[in-house]
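This report refers to the structure that appears directly beneath it.
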Amino acid sequence: ADEQQGIPGVTRWIGPDGEQVLVGRDAKANRRLTFQLGKGDDWWMHHRERPGSHVLIKMKRGKSPSLELLLAAAQITAVHAGIPEGSRIEVQYARIRDIRSIPGSVAMVRVHNEKVLEIVRDPAELTAWTRS
């Protein structure tokens with residue numbers, strides 16, 4: 001069993017090559033995902049400027065996600081944000097080490113070195129992925 005098994009409020013997506021994308025389903029799970037499970041080389045994603053799920057791309061030390069993995073994780077972010085098929089969404093992302101907790105808030109964060117992907121929600125992008 002790995003460290004993500006049995007974590008309340010966390011959904012795991014597995015990619016075709018074993019990639020892992022984890023998603024918090026509520027504020028407490030978002031916090032746990034970002035500040036306990038997330039390690040420095042992992043990448044964090046979120047629907048930009050809106051409340052919602054924190055998304056974590058698990059990475060090995062010193063590795064960065066491929067564009068293909070970033071785009072799949074952005075689609076997963078859109079799924080969990082309830083974005084309708086064919087709609088545009090801006091997804092912010094950064095290394096987990098660039099995410100800071102805002103004192104007094106359970107799930108709000110400050111993002112340093114933010115990058116943004118603009119995507120169109122397309123379920124076909126996730127056909128090779130499984131949700132558990």
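Return the total of residues in region 85-132 being polar (S, T, N, Q) and either closer than 17 Å to K39 by Cα or free of Cβ contacts under 8 Å to residues at least 24 places away in the same chain (or both). Full working, then the answer.
We begin by selecting, within region 85-132, every residue polar (S, T, N, Q); these are 87, 92, 101, 105, 113, 127, 130, 132.
Then drop every residue that is not either closer than 17 Å to K39 by Cα or free of Cβ contacts under 8 Å to residues at least 24 places away in the same chain (or both), which leaves 101, 105, 113, 127.
Count: 4.
Identify all residues within region 7-31 that are open to solvent by 40 Å² or more (accessible area, probe 1.4 Å) and touching a strand residue (DSSP E or B) at 6+ places or on another chain (Cβ under 7 Å); write none if there are none.
The initial filter retains those residues of region 7-31 that are open to solvent by 40 Å² or more (accessible area, probe 1.4 Å), namely 8, 14, 16-20, 25-28, 31.
Within region 7-31, I14, Q20, R25 qualify.
For D41, all conditions in the list (1) more than 20 Å from E125 (Cβ to Cβ); (2) open to solvent by 50 Å² or more (accessible area, probe 1.4 Å) hold save one; what is the number of the exception?
Only one criterion is unmet by D41, namely (2).
Checking the condition at pLDDT 95 or above and open to solvent by 80 Å² or more (accessible area, probe 1.4 Å), which residue from R88, R97 passes? Walk me through it before giving the result.
Numbers: R97 fails: at pLDDT 95 or above.
One residue alone meets the criteria, R88.
Within region 107-120, identify whether any single residue is hydrophobic (A, V, I, L, M, F, W, C), in a loop (DSSP other than H, G, I, E, B) and either modelled with pLDDT of 95 or more or open to solvent by 40 Å² or more (accessible area, probe 1.4 Å) (or both), and answer yes or no.
Step one: filter region 107-120 for residues hydrophobic (A, V, I, L, M, F, W, C), giving 107-109, 111, 116-117, 119-120.
Remaining after also requiring in a loop (DSSP other than H, G, I, E, B): 107-108.
When the remaining residues are screened for being either modelled with pLDDT of 95 or more or open to solvent by 40 Å² or more (accessible area, probe 1.4 Å) (or both), the result is 108.
Yes, region 107-120 contains at least one residue that is hydrophobic (A, V, I, L, M, F, W, C), in a loop (DSSP other than H, G, I, E, B) and either modelled with pLDDT of 95 or more or open to solvent by 40 Å² or more (accessible area, probe 1.4 Å) (or both).
When you look at A128, is it open to solvent by 50 Å² or more (accessible area, probe 1.4 Å) and outside any helix (DSSP H, G or I), yes or no? Give the steps one after another, and end with the answer.
On the way: open to solvent by 50 Å² or more (accessible area, probe 1.4 Å): yes; outside any helix (DSSP H, G or I): yes.
The answer is yes for A128.
Identify, by number, the condition in (1) under 14 Å from the mean Cα position of the chain (by Cα); (2) closer than 17 Å to S132 by Cβ; (3) in contact (Cβ under 8 Å) with a residue 60 or more places away in the chain that P16 doesn't meet.
(1)
The values are calculated or read from the model by the stated rules, or taken from the named source; none is laboratory data. Worth saying up front: this structure is predicted, and the values here are computed from it rather than measured. Every residue, glycine among them, receives a Cβ derived from its backbone with ideal geometry; neighbour counts consider all protein chains shown. When the accessible area is computed, the model is the full protein with side chains, heavy atoms only, and any ligands, DNA or RNA have been set aside. Shrake-Rupley method; radii C 1.70, N 1.55, O 1.52, S 1.80 Å.
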